[in-house]
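What follows is a set of notes on a single structure, which appears directly below.
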Amino acid sequence: MSHRIRSANLSDASDIARLSGTLGYPAEREEIARRLTLLLPNPSHLVLVAEPLQGRGLLGWLAAERRVTLESGTKFEIVGLVVDMTARRSGIGKALVEAAEQWVLDQSGTGLGVRSNVLRPESHGFYESLGYLRRKTQHVYLKSLRD
């Protein structure tokens with residue numbers, strides 16, 4: 001499948017919302033547009049999309065961030081990746097990840113991490129095939145602060 005990877009823009013909000021829903025994170029176009037408005041100008045965030053060379057609609061997207069933590073210093077992490085069901089196993093996910101890896105290297109980063117839900121075993125093999133090593137398993141806690 002012929003595609004190109006590029007930086008996202010606000011006009012991608014509808015397709016990003018559609019793809020997010022397939023990952024189990026439903027969102028309206030307007031909400032994605034609000035988030036893109038915050039993320040796109042921020043140099044600590046990367047949002048990439050894959051689009052077909054012919055045709056319409058996005059085939060996938062990736063979001064990554066650079067953050068500084070007190071205990072670890074600067075870290076880079078893929079915080080979201082989804083490829084359209086019709087385009088999986090076509091190299092689009094790999095191309096998105098490779099573009100994110102280049103973004104990290106361009107900022108003198110030395111590594112890129114990703115978290116993968118235990119409920120998505122297909123993604124575990126995908127990341128391992130790209131050279132990512134499983135480092136730990138953890139629990140995630142959340143406390144709602146509003147009713």
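The values are calculated or read from the model by the stated rules, or taken from the named source; none is laboratory data. Please read all numbers here as calculations on a predicted model, not as lab measurements. Don't worry about glycine lacking a Cβ; one is built from the backbone with ideal geometry, like all the others, and counts go over all protein chains shown. Keep in mind that these areas ignore ligands, DNA and RNA; they rest on the heavy atoms of the full protein, side chains included. Shrake-Rupley method; radii C 1.70, N 1.55, O 1.52, S 1.80 Å.
So, in segment 118-132, of the ones that are aliphatic (A, V, I, L, M) and over 19 Å from residue 76 (Cα atoms), which residue ends up least open to solvent (accessible area, probe 1.4 Å)?
At the first step, the residues of segment 118-132 found to be aliphatic (A, V, I, L, M) are 118-119, 130.
Next, only the ones that are over 19 Å from residue 76 (Cα atoms) stay: 118-119.
Working: 118: 110, 119: 139 Å².
Out of the qualifying residues, it is 118.
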- Across segment 28-56, the tally of residues that are loosely packed, with under 13 Cβ neighbours inside 10 Å, touching a residue at least 24 places away in the same chain (Cβ under 8 Å) and not polar (S, T, N, Q) stands at 1
- Being more than 23 Å from residue 45 (Cβ to Cβ) and hydroxyl-bearing (Ser, Thr, Tyr) is the filter here, so list the residues in segment 106-135 that pass it. 129
- Query: If we scan segment 124-147, do we find a residue that is in a helix (DSSP H, G or I) and acidic (Asp, Glu)?
  - Reply: yes
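Working only within segment 25-64, note down all residues that are hydroxyl-bearing (Ser, Thr, Tyr) and outside any loop (DSSP other than H, G, I, E, B). Reasoning before the result, please.
Initially, segment 25-64 is screened for residues hydroxyl-bearing (Ser, Thr, Tyr), giving 25, 37, 44.
Hit for segment 25-64 is 37, nothing else.
Just checking, which of 89, 66, 135, 115 is charged (D, E, K, R), open to solvent by 90 Å² or more (accessible area, probe 1.4 Å) and under 16 Å from the mean Cα position of the chain (by Cα)?
Checking each option against the conditions leaves just 115.
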- Residue list for segment 9-46, restricted to those being within 26 Å of residue 101 (Cβ to Cβ), modelled with pLDDT under 95 and hydrophobic (A, V, I, L, M, F, W, C): 23
- Scanning segment 65-81 residue by residue, the ones that are outside any strand (DSSP E or B) and over 18 Å from residue 108 (Cβ atoms) total 2
- Among (1) open to solvent by 40 Å² or more (accessible area, probe 1.4 Å); (2) of a type outside the set (Ser, Thr, Tyr); (3) at pLDDT below 95, residue 75 falls short only on (3)
- Query: So, of the residues in segment 92-110 that are open to solvent by 40 Å² or more (accessible area, probe 1.4 Å) and not in a helix (DSSP H, G or I), which turns out to be nearest to residue 57 (Cα to Cα)?
  - Reply: 107
